[in-house]
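The values are calculated or read from the model by the stated rules, or taken from the named source; none is laboratory data. Predicted model, so just to flag it, every value in this text is computed and none were measured. Quick reminder, even Gly has a Cβ in these numbers, built from the backbone with ideal geometry, and neighbours come from all protein chains shown. What goes into the accessible areas is simple: the full protein's heavy atoms, side chains included, and nothing from ligands, DNA or RNA. Shrake-Rupley method; radii C 1.70, N 1.55, O 1.52, S 1.80 Å.
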Amino acid sequence: MAKIQSVVALEVLDSRGNPTVYAKTVLDDGSVGKGYCPSGASTGKYEDFELRDQDPKRYNGSGVLKAVENVNKIIAPAIIGLEIDDFRPVDQKMIELDGTQNKSKLGGNAVLPVSISVAEALAKSKKLELFQFLAPYFGASNEFIMPLPHLNILNGGKHAVGSTDFQEFMIVPVKFPTFSEALRAGTEIYHALGKILLERNYQPLVGDEGGFAPSLFSNEQAMELLMMAIKEANYLAGENVFIALDPAASEFFYKDVYQLHRENRTFTTDELIDFYKVWVEKYPIILIEDGLAEDDWRGWQRLNAELGAQIDTVGDDLYTTNKTRLQTGISQKASNAILIKPNQIGTLSETIETINFAKQNDIRFMISHRSGENEDTFIADLAVAAGGGKIKTGAPCRSERAMKYNRILEIEAMLGAKAKLATRDTSQNSGMI
Ligand code: PGA
Ligand code: ZN
């Protein structure tokens, strides 16, 4: 047991140059933990409340001084002095202090950094690596599964204005012996894509998640470029490298239809599902996240019924890491997978509950960063501890993304033979043009 000695928050900057909350917790044995809140651009309607000051004189209204004050004046006094060897009582205390469904009193962005910083301080206090400290919360294991990296190498949607309508075009190196080899393959493909774009006179500029953001005339052109880049880097699309998509469809769903502005096309739900079906036949796609909008339950049911045997149908905005929404999804057979973003739900305890609930119900899960990130590598440890076998944390470019992959490299080296790279059955996904 250690006693919480101090908890202090600050307003700092994220990878987009927007203010965010940082919290530092110190225990009476000298252990220190730090936590940061990431922030989304294509946020789901059902996410926790992100408290911003709305003071137009500071950061165009996006300051977080109120959230910082909530940590320093409300949360800190309530938890300083607590004797802990588990972070869950601290999370519980914050949930009670907040008292709302969506953390709208204190702000999810006040609660999460404290939750993470307490967990990190406790891991230090117990002289454990963070992933080792977290593992028992998911059912302890002696062998650790390294997650397959889902590298977002081409950015569109809200993360790259002027690029594709679909938000994320990811590559997934699957049949590699180690995480480091998979990451190398993904990175070589990333650089091959940069070279191809330059040869075609596109500026090799990157979007919010470090992927290239060329001004393309269609979404399919992005798929063609990915296929070219895989080949150019001497890998085999549909054999050892696959494709994952996050269209982030809630962002282009207006007036009951899906509107792809880049290519001037409009789809009903059924037409968009048929469109994905053609792509899954044509390209080696293994995962589609948010293929449909967050309230299009009927569409999700059909998508999952028709493609769920071949690909992971992942709910991000659909579930917002919320166990109750996942429960609805399970009862409706709306998807076979969930995206996990701790700041969508607020505390680490609630994140773990949702993951364990997914596991109990055979729902696959992928741990995820946000488009607005920071130097915290917490999700890398979470992905290893939870053992879901999948992480997405952007392109292998820009330090706020690369350092999360780097942390997994560090964990893999630390574990040696005990680190096993996740596998993925791809026998249903060899779609090729
Ligand atoms: P966001 O995007 O962090 O901007 O919400 C990431 C995603 O949609 O997966
Ligand atoms: Zn998403």
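Would you point out the residue of the stretch 166-207, among those that are aromatic (Phe, Trp, Tyr) and out of contact with any Gly (no Cβ under 6 Å at 6 or more places or on another chain), that is nearest to Ala419 (Cα to Cα)? Talk me through it step by step, then tell me what you get.
The first filter runs over the stretch 166-207 and keeps only residues aromatic (Phe, Trp, Tyr), leaving 166, 169, 176, 179, 190, 202.
Those left that are additionally out of contact with any Gly (no Cβ under 6 Å at 6 or more places or on another chain): 169, 176, 179, 190, 202.
Numbers: Phe169: 28, Phe176: 13, Phe179: 9, Tyr190: 25, Tyr202: 40 Å.
Per the criteria, the residue is Phe179.
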Taking into account only those residues within the stretch 305-348 that are of a type in the set (A, V, I, L, M) and within 16 Å of the chain's Cα centre (by Cα), which is nearest to ligand 2 (Cβ to nearest atom)? Leu339
Do you know which residues across the stretch 163-174 are modelled with pLDDT of 95 or more and assigned to a loop (DSSP other than H, G, I, E, B)? Thr164, Asp165, Phe166, Gln167, Val174
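So that you can scan it fast, the table gives a plain yes or no per residue for (1) within 16 Å of ligand 1 (Cβ to nearest atom); (2) under 23 Å from Lys392 (Cβ atoms); (3) free of Cβ contacts under 8 Å to residues at least 12 places away in the same chain:
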{"residue": "Leu236", "(1), (2), (3)": "no, yes, yes"}
{"residue": "Val241", "(1), (2), (3)": "no, yes, no"}
{"residue": "Asp246", "(1), (2), (3)": "yes, yes, no"}
{"residue": "Glu281", "(1), (2), (3)": "no, no, no"}
{"residue": "Leu292", "(1), (2), (3)": "yes, yes, no"}
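Have a look at Gly157, Gly162 and point out the one that is among the small types (Gly, Ala, Ser), within 15 Å of ligand 1 (Cβ to nearest atom), open to solvent by 20 Å² or more (accessible area, probe 1.4 Å) and in the same structural domain as Leu272 (by TED's automatic domain parsing). If you could, list the steps in order and put the result at the bottom.
Working: Gly162 fails: within 15 Å of ligand 1 (Cβ to nearest atom).
Step by step, each of Gly157, Gly162 is checked, and only Gly157 is among the small types (Gly, Ala, Ser), within 15 Å of ligand 1 (Cβ to nearest atom), open to solvent by 20 Å² or more (accessible area, probe 1.4 Å) and in the same structural domain as Leu272 (by TED's automatic domain parsing).
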So how many residues does the stretch 380-399 have that are surrounded by fewer than 24 Cβ atoms within 10 Å (Cβ to Cβ) and part of a helix (DSSP H, G or I)? 1
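Give the stretch 115-154 a look and list any residue that's hydroxyl-bearing (Ser, Thr, Tyr), open to solvent by 10 Å² or more (accessible area, probe 1.4 Å) and at pLDDT 95 or above, or say none. Give the steps one after another, and end with the answer.
Let us first name the residues in the stretch 115-154 that are hydroxyl-bearing (Ser, Thr, Tyr), namely 115, 117, 125, 137, 141.
From what is left, the residues that are open to solvent by 10 Å² or more (accessible area, probe 1.4 Å) are 125, 137, 141.
The answer is Ser125, Tyr137.
So which strands (runs of 3 or more DSSP E) stay within the stretch 246-359 end to end and still have 2 or more residues that are within 21 Å of Asp425 (Cα to Cα), open to solvent by less than 10 Å² (accessible area, probe 1.4 Å) and modelled with pLDDT of 95 or more?
Details: elements: 257-260, 265-267, 285-289, 312-315, 337-340.
Correct list: 285-289, 312-315, 337-340.
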